[in-house]
Every structure is written in C-alpha cells, then in structure tokens.
Amino acid sequence: MPTIVRFYELGGPEVLKIEEAPLQEPAMGEARLRVLAAGLNRAEALYYRGQYLEQPQLPSRIGYEVAGVVEAVGEGVDSKWIGKSVATIPAYSMNEYGTLGKQAVVPATALTEYPANLTPEQAAAAWMQYLTAYGALVFYGKVSAADFVSIPAASSSVGLAAIDIVRDAGATAIAVTRTSAKKDALIALGAHHVIVSGEEDYAGRIKQITGGKGTRLIFDPVAGPYVETLAAGAAQESVLFIYGGLSMQPTPFPLRQSFRKGLSMRAYSAREITTKLDRLAAAKKYVFDRLADGRFVPKIAKTFAYKDTVEAYRYLESNAQVGKVVIRVS
C-alpha cells in the first residue's frame, strides 16, 4: 500500500505524518503519478500552520510540486500520458490535491513534461519558482535590458529564478538579503549586485548602482514596513510586485513615493498565470526552452530522504538554504 504525507492539526513541521493510504484512482480529468521527487515551498509551511491564503480542511494532505511517472488517467484524459515522466504545475488547492507522498492524483491540466536533461529532483524544483517569477517580471513587468530589478529574499528558489530571468533579459539583477552570509553565493548564482539590507543603506546603494535612476521593477515576497524602503529606491513609473507576506506584519502603501514617482504597488500570485490556459501555455514554453538549453538551472540547496520529511520542512523554515529544498521520494 502506498504512503502519503498528511496532517491532522495545525502546527509546525512535527504535525506531518507519513501514513499508508489506499491506491487512489483518478477521476474524470485527473491523472495519478508515481512520485519520484518533491520540491518544498514556503506556501506549504504557512499552510500547515494555518497562515496561508486558504485554511486546511483537516485532515489534509500537503504539497504542490512533484516529479514522477504517470501511472493512470481518468476519463477524458489522453492515455498517451501513461508512462511519461512529468512534473506538476502548482495550479490547484492543496485541500483538493496534496501531492507529497508515494502517489499523487492531480488535474491533468497540471501535468507538464520536463526536458530530458533534468533529473526528477531538478524537475520538482523548477516550475513553481520560474512560473512565479515569469508572471511578474515577463508577463506583467515586460522586463528589458534597460531595467534595474530589485529582488528581496533573493536566496529563495523564486528569488534565484528571478535572477535568472532578469539576466536572460539582459537587465541588471540586484539581490537583496538580510545578512552578508549569503552574499557570495548570490553573486556566484548570477546577481549583478547584492545589497545586505541589515547592514547597508538600501536607497543609497540603489542610487549608486543605478546612477540615480532607481529600480523599475521590484519583486518582493516579504511585504511589511520595508516596502517604504523599497519604494524609496524605485524609479519613475516603477512597479512593486508583492507575491508573499513573509514579514507577517501590516503592509503600508508608500503614498508619498507613489505620488512623487508614479509608483504602482500590486499583490501578485502565480495563479494569475497557472489558472489561465493561454497564459500558462506561453509560460511553460518560456521556461521549458530555457531549462532545455541550460540557460536556467534549478538550484537545489539540499535533498532529503522521504522518511526525513519533517526534517526537510524544518530546514526550509530555518531560512539557511540558498535555493530549493527537495525530498527524494523514490
């Protein structure tokens, strides 16, 4: 009997349990995978703590992002998927389709093949981060070679994906990190500049880096009071995308800077891309092509065994990683 990861109460990583579950048959429009690897996301840590955009319906499965092999499909799904190596696009609710475990049933629309040069671990570490950054920076932001782009929490998997996308566009990637511990790693992974926000004057450094121009795009998962500082370094007619609330603090609107600069601040979710099939098709091609030719290489911070799922999430929550935390399931 296959096993899955499930939790019965809210709390920290210790609430997660690996337990046996009957083999699940896919319903109409669904597919079942034999899972090989899973990529962990901050959203999942917020989810099992009850701090995510949706509340878990207990008991709940968990997991957005896996790679594996299609074993079965439901009615209305092309049988040619069976036997293919695929990854999942995080375009569904974890209340309906948690994926972490030996088996995962997902909507067939969430399946994507991945380039043959990727391992299952890399495939499970690619789609959430690159699609999230793509939506803000490419689809909405129209990033171009003339742009300076500010990337707070740059050592996260999404932050590193943003650096790759900015570099691919010929623009200048400015990584922002709280301490100097990750500065050298961020430079090695492609950041043109690194600002240590806990030690440096952000606005002053931005002025120096950009020659006084400021950053046209800001891609921030932290929110909270620091948006005032980010706005102080923004260019005329700039956009501040907020795609998370890691600070867990109220987020002010930088009104004075917005009036003075014509700055826009908007909340952004990857679901704006992943739930619209035309947008998703273009995004998948963009990411697939760059994974296939080596322009994008997912950075895996650490890989854990399936039995060490709780430790993997503890490591994710430690913020010690640079890149993606991955579980090797099979």
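The values are calculated or read from the model by the stated rules, or taken from the named source; none is laboratory data. What you see is a predicted model, and the numbers here were worked out from it, not measured in a lab. Here the Cβ is made from the backbone with ideal geometry for all residues, glycine too, and neighbour counts use every protein chain on show.
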Pairs, please: C-beta under 6 Å, at least 6 apart or cross-chain, first residue farther than 19 Å from Gln57 by Cβ and in the stretch 8-26, second among the small types (Gly, Ala, Ser) and modelled with pLDDT of 95 or more? Pro26/Ala72; Pro26/Gly74
So which residues in the stretch 48-68 are touching a helix residue (DSSP H, G or I) at 6+ places or on another chain (Cβ under 8 Å) and outside any loop (DSSP other than H, G, I, E, B), if there are any at all? Tyr48, Ser60, Arg61, Glu65, Ala67, Gly68
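Please find, within the stretch 61-70, the residue that is farthest from Thr99 (Cα to Cα) out of those that are buried (at least 19 other Cβ atoms within 10 Å of the Cβ) and of a type outside the set (Asp, Glu).
Val70
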Over the stretch 275-330, the set of residues hydroxyl-bearing (Ser, Thr, Tyr), part of a helix (DSSP H, G or I) and in the same structural domain as Val69 (by TED's automatic domain parsing) is Tyr306, Thr309, Tyr313, Tyr315, Ser318
For Ala125, are the conditions met, namely being surrounded by fewer than 24 Cβ atoms within 10 Å (Cβ to Cβ), not β-branched (Val, Ile, Thr) and not in a helix (DSSP H, G or I)? no
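Can you report the number of residues in the stretch 81-108 which are among the polar types (S, T, N, Q) and either in contact with a Leu (Cβ under 7 Å, 6 or more places away or on another chain) or surrounded by 22 or more Cβ atoms within 10 Å (Cβ to Cβ) (or both)?
Restricting attention to the stretch 81-108, the residues satisfying the condition of being among the polar types (S, T, N, Q) are 85, 88, 93, 95, 99, 103.
Going one step further and asking which of them are either in contact with a Leu (Cβ under 7 Å, 6 or more places away or on another chain) or surrounded by 22 or more Cβ atoms within 10 Å (Cβ to Cβ) (or both), we end up with 88, 99, 103.
Total meeting the criteria: 3.
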Which residues, counting only those in the stretch 229-252, are farther than 28 Å from Glu317 by Cα and among the hydrophobic types (A, V, I, L, M, F, W, C)? Ala232, Ala234, Ala235, Val239
Kindly indicate which of Ala67, Ala108, Ala145, Ala123 is in contact (Cβ under 8 Å) with a residue 40 or more places away in the chain, over 17 Å from the mean Cα position of the chain (by Cα) and farther than 30 Å from Gln249 by Cα. Ala108
Please find, among Ala31, Ala45, Ala38, the residue that is touching a residue at least 60 places away in the same chain (Cβ under 8 Å) and assigned to a helix (DSSP H, G or I). Ala45
